[in-house]
Amino acid sequence: MALSTPEAVETAPAKSDIAASHTRRWALWFAAIAVFVWVFYTFALPNLGSSGQTIVREWMPLGSVNEALVWVICAVGLNIVVGYAGLLDLGFVAFWAIGGYTAGWFMSNFFNQISNGFYFLSAAPPNQPGIHLNVWLVLGLAGLICAGAGIIIGAPTLRLKSDYLALVTLGFGEIIPQVFLNGADIRGFNLTNGALGISPLDNVSPLPFGPSTIAIGDASIAISKPLGPFDTTAKYVMFVLVAAFAVFVSLRIREGRLGRAWLAIREDELAASMMGVPLMRSKLAAYAVGAFMGGLGGVVYAVHNNSVFPDRFNFAISIILLAMVVLGGMGNVWGVIVGALVLAWFNSTGLPQFGDSFNQQFGTDINFPSYNYLFFGSILVLMMLFRREGLFPETRTRQVLQEAERSDAEELDGGEV
Amino acid sequence: MRNAYKIGALAIAGSLALAACGSSGGSGSSASGGGGGGKTVIISTDLPLQGSSKDASDATNQAIELYLKQIGYKAGNFTVELKKYDDSTAAAGKWDQAQCTKNGTDHVANTNEVAVMGTYNSGCAQIMIPILNQDPSGPMLMVSQANTYPGLTKPWAPGDPDKYYPTGKRNYARVVTTDDNQGRAAAQFMAKDLSVKKCYVLNDNETYGQGIASAFAKEAPNVGITILGNEPWDAKQPNYTALFQKIKGLGADCIYLGGIFDNNGGQLVKDKVAVLGDNSKIPMMGPDGFTGYPELNKLPEGQGMYLSFPGLTNEDLRKQGGSAAKLLDAYKAQYGSDPASSYALYGVAAVQVMLQAISQSDGTRKSVTDQVFSGAGITIPADVSAIGKEIKIDPATGDVNVIDITIEQIKGNAETTLKAWPVTA
């Protein structure tokens, strides 16, 4: 790897120009695809005829797209920690959980100690107990709480390297959901409602800020109605905006000083520190930014399901997220997005539907979804054998991997001679 | 490939519709749409078809299919079709939140569907009830055969049950009694029949386990039992000797286990006997989460343990005779054995409630729901009821009048029925 460093430094300015133009082009693509999906579900689908509608509803319902977007937001966050900074994180589910519970605390009538309710720009019906904040505010709040949690977990553990760090994050990912599961009675205070979870949450208001009605004198004008469970299109728009924010932040940050520091740490920690990169601060920033996105994902997931339950937040989630990052191409945001969309769809809708069609066609009775992890595992093994850098690798990763291979080969040749 | 099936399905549906039109034309009832006139409606089941609850869910679906076949897929003037939903995922191995959300919106999106039978898990119901409740053409009716969490229909935890009904109208009923009744029955049984004074309560820290343990703990003081403590047992512990040493130190003379046997219940039962002694000396009791496990029944330490079951077991339903026994015999004839879960016949009972509502309605979701939650509500007479006795749904809450709690004891490596326990409030 050290061999490639001089080259990379020489060509760096030209590359970052190219990368920047790529970024702009991809941003257009992101917007175009998002708008296309919206137009398709809003205008095209009603005119497809009933059989077309059934096919779309079975194979790609908008609800599944929304759920996949949650995975995208979290995977993009994990990509900052794993893909950019090269810190293996096996406990990302903790941030997802914290984000979800933040939504539960601040957007429901859970805290019934506040009997008349605390309202702030919320679309919730009046005079309910609990805290009711605007969903966009809760998104920011959850992000900040998670970033704080990321720093707290990061600070004492960043002296550790590779496997050891992974073990500590694994522990963190196990502890946090246990806290939520057992938090129904903390010295008499009900923090999490235990296994019963927090449900239902407030119906959120789609407008970025402001209540659902404006009172002018005695009259009140409804400017937007709270999103109920069937407003999947409006929720889609909202989720796409959050995902776009996550993508934008991670692209811009990568080009900046901090992003380049992360990449330097990933490539060679020792060399980076010799060049004056502040290791501790950069790594903590990676945890904080990654966790921030995890928090956004948690809130969006809670809004999607209108509830938070502790048993959802298990180890498998962390692993699936990691698989998304690895499959898509570590470090490349677009690759990670594709990886997340594909795996999330495969997991929730694709495999069960494929199984149904297969069983109908061949008259078999195979429970395809139960072989889920077999498919996952096989995909990962095949990827490691034939395309280690992921489906859509970062240019940089591709170079490093290819050159490493060549130098291995050279070493072998040398050994034989 | 799929299209071929679609065309086939469309053809069948079309011919059914034609046949239905033909028959209604013949009978001369030309009330245009108002009376339904042979309209086809869809009812659905929403159960976890994968993971540990698979067998119970399959048996429930089979029993319902069998029953629908027996009545010729008719509810009054309506032809009824059954659609099966799965609220579990293989990845989770049990019900999954996201799947429950998706199913909830799917039920509403499927325009011919008028009512949902399910869910099996109370947690899933917590998600689905508000979704169906906010159906713009509804609220849509949901009737569960197995949700025992009390808060779904009556005040329990703060905010229950109103928070599940955002529109303020009820749309959820159940044909099974609730955990509070089971916990209450257990406390009453232990106080009156076993004369215990000081109980220690353990729970498995899940919705069900916590609910039933706290129901037991709430009733205990009313019947003269002191509760020394109510704490969760950690299913991942290798042993519970220390836990029971502590309980021994407190001088407990009875143990109540709120939870399911799957959560390391075997070790718990073994360690209880090892530390506190035989079940005949210090009695131990568990809820229906400990019933139906041959491993427990064959465990030497399990002998003498008391169990309760909300409702009647298959064995009791058969003994009781009547319509329930007939349905069980038909099931056995069709599938070769009794249903894997006693909840199967309760599933049929839930469907009976739905069909009764449909037959009285004009075929719209709102009307179907209104039949259950207005006027006198729904009553299924004893001679046709799937559980062999009259089912009456309270139109105010959606709870059922039948409160059967069966007390069992493990004797000679088998669960034996001791008595039915009449619950008093």
TODO: Would you mind giving the three semi-axes, in whole Å and largest first, of the ellipsoid equivalent to segment A:256-352 according to its Cα gyration tensor?
DONE: 31, 17, 11
- [ ] Search the structure for amide H atoms under 5 Å from the amide H of B:Glu113, placed 1.01 Å from N in the peptide plane, and list their residues when 5 or more places away or on another chain.
- [x] B:Ile42
Open item on the list: For q values of 0.15, 0.18, 0.30, 0.32 Å⁻¹, compute log₁₀ I(q)/I(0) with the Debye formula on a Cα-only model of segment B:327-377, without solvent.
Closed with: -0.54, -0.64, -1.07, -1.16
Open item on the list: Inside 10 Å of the C-beta atoms of A:193-202, what's the mean count of C-beta atoms belonging to other chains?
Closed with: 6
TODO: Just round it to a whole percent: the fraction of Cα-Cα distances in segment B:273-425 exceeding 24 Å.
DONE: 45
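Counting other beta carbons within 10 Å of each residue's own, what order do B:Lys54, B:Lys154 fall into, fewest first?
B:Lys154, B:Lys54
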TODO: In nm, give the distance between the simple-model label positions of A:Leu374 and B:Thr111, each being 7 Å from the Cα along the Cα-to-Cβ direction.
DONE: 4.1
- [ ] Search the structure for amide H atoms under 5 Å from the amide H of B:Leu418, placed 1.01 Å from N in the peptide plane, and list their residues when 5 or more places away or on another chain.
- [x] B:Ile407, B:Glu408, B:Gln409
Open item on the list: Can you sort A:Val300, B:Val269 from fewest to most other Cβ atoms within 10 Å of each residue's own Cβ?
Closed with: B:Val269, A:Val300
Task: lysines whose Cα lies under 29 Å from that of B:Lys163, excluding same-chain neighbours fewer than 8 positions away - done: A:Lys225, A:Lys235, B:Lys83, B:Lys84, B:Lys94, B:Lys102, B:Lys154, B:Lys218, B:Lys366, B:Lys392
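Using only Cα atoms, what is the ratio of the radius of gyration of the protein assembly as shown to 2.2 N^0.38 Å?
Details: Rg = 29.2 Å, N = 842, 2.2 N^0.38 = 28.4 Å.
Relative to the 2.2 N^0.38 Å estimate, the protein assembly as shown comes out at 1.03.
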Task: Proxy reagent accessibility, fewest Cβ within 10 Å first, across B:Phe78, A:Phe230 - done: A:Phe230, B:Phe78
Task: Fraction in percent of alpha-carbon pairs per bin - 10 Å, chain B - done: 5, 21, 30, 24, 12, 5, 2, 0
Task: Sequence-distant lysines (8 or more away, or on other chains) whose Cα lies within less than 20 Å of B:Lys332 - done: B:Lys54, B:Lys69, B:Lys319
Task: Förster radius 56 Å - calculated FRET efficiency between A:Ala271 and B:Lys246 (Cβ-Cβ, nearest 0.05) - done: 0.50
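Report, in debye and to the nearest 20, how large the dipole of the protein assembly as shown comes out about its Cα centre when Lys and Arg carry +1 and Asp and Glu carry -1 on their Cβ. Don't jump to the answer; show the numbers that get you there.
Values: 59 positive and 69 negative charges, 243 e Å.
Here the size comes out at about 1160 debye.
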TODO: Kindly express, to the nearest 10 degrees and within the range 0 to 90, the angle between helix B:241-250's C-alpha long axis and the longest C-alpha principal axis of chain B.
DONE: 70
- [ ] Give me the distance in nm between label points sitting 7 Å out from Cα along the Cα-to-Cβ direction at B:Lys411 and B:Lys332, one decimal.
- [x] 2.3
Task: A:Ile175 paired with A:Arg257, simple spin-label distance in nm, labels 7 Å along Cα-to-beta-carbon - done: 3.3
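Under the definition of partner shielding as Cβ atoms of other protein chains within 10 Å of a residue Cβ, what is the mean value for peptide A:305-311? Working shown, then result.
Numbers: counts 9, 8, 7, 1, 9, 2, 8.
The per-residue average across the peptide is 6.
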Open item on the list: For B:Asn401, what residues show an amide H to amide H distance below 5 Å, using hydrogens built from the backbone and excluding near sequence neighbours?
Closed with: B:Lys392, B:Asp394
Task: Cα-centre dipole for chain B with unit charges at Cβ (Lys and Arg positive, Asp and Glu negative), debye to 20 - done: 240
Task: Sites A:Lys161 and B:Gln237, calculated FRET efficiency, Cβ-Cβ separation with R0 51 Å, nearest 0.05 - done: 0.95
Task: Å³ per residue enclosed by the Cα convex hull of chain A - done: 185
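How much net charge surrounds B:Ile212 when only the other residues with a Cβ under 14 Å from the Cβ of B:Ile212 are counted, with Lys and Arg +1 and Asp and Glu -1? Walk me through the numbers on the way to the answer.
Values: positive: B:Arg184, B:Lys218; negative: B:Asp179, B:Asp180, B:Asp204, B:Glu206, B:Glu219, B:Asp288.
It works out to a net charge of -4.
Work out the FRET efficiency for A:Phe315 and B:Ile71 from their Cβ-Cβ distance, taking R0 = 60 Å, and round it to the nearest 0.05. Can you show the working numbers first?
Working: r = 47 Å, r/R0 = 0.78.
Working from the Cβ atoms, E equals 0.80.
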Task: Kirkwood-based Rg to Rh ratio, segment B:34-75, C-alpha trace - done: 1.13
Task: D_trans [Stokes-Einstein, Kirkwood Rh over alpha-carbon pairs] for segment B:129-243, 10 °C, 1.306 mPa s, µm² s⁻¹ - done: 99
- [ ] May I ask for the angle, rounded to the nearest 10°, between helix A:62-78 and the longest principal axis of chain A, with both axes built from Cα atoms and the value confined to 0 to 90°?
- [x] 50
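As an exercise, take the mean of 1/r over every pair of distinct alpha carbons in segment B:80-185, invert it, and state the Kirkwood radius in angstroms. Each step should come with its number before you reach the end.
Values: mean 1/r = 0.0705 Å⁻¹.
Result for segment B:80-185 stands at 14.2 Å.
Please say if segment A:147-208 is rounded, prolate or oblate, where rounded means a/c under 1.5 for a ≥ b ≥ c the square roots of the C-alpha gyration tensor eigenvalues, and otherwise the choice is prolate for a/b larger than b/c and oblate otherwise? Before the final figure, lay out the partial values.
Working: a/c = 2.80, a/b = 1.59, b/c = 1.76.
Because a/c hits 1.5 or more and a/b fails to exceed b/c, segment A:147-208 counts as oblate.
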Task: 14 Å Cα-Cα reach of B:Lys198 towards aspartates and glutamates, excluding residues that sit fewer than 8 places from it in its own chain - done: B:Glu219, B:Asp253
- [ ] Using only the Cα atoms of segment A:33-134, each taken as one equal point scatterer with no solvent, compute I(q) by the Debye sum, divide by I(0), and report log10 of the ratio at q = 0.19, 0.23 Å⁻¹.
- [x] -0.93, -1.04
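Each value in this text was obtained by applying a stated rule to the coordinates, not by laboratory testing. For clarity, every value in this text was computed on a predicted model and none was experimentally measured. Neighbour counts are summed over all protein chains in view; Cβ atoms, including those assigned to glycine, are modelled from backbone coordinates with ideal geometry.
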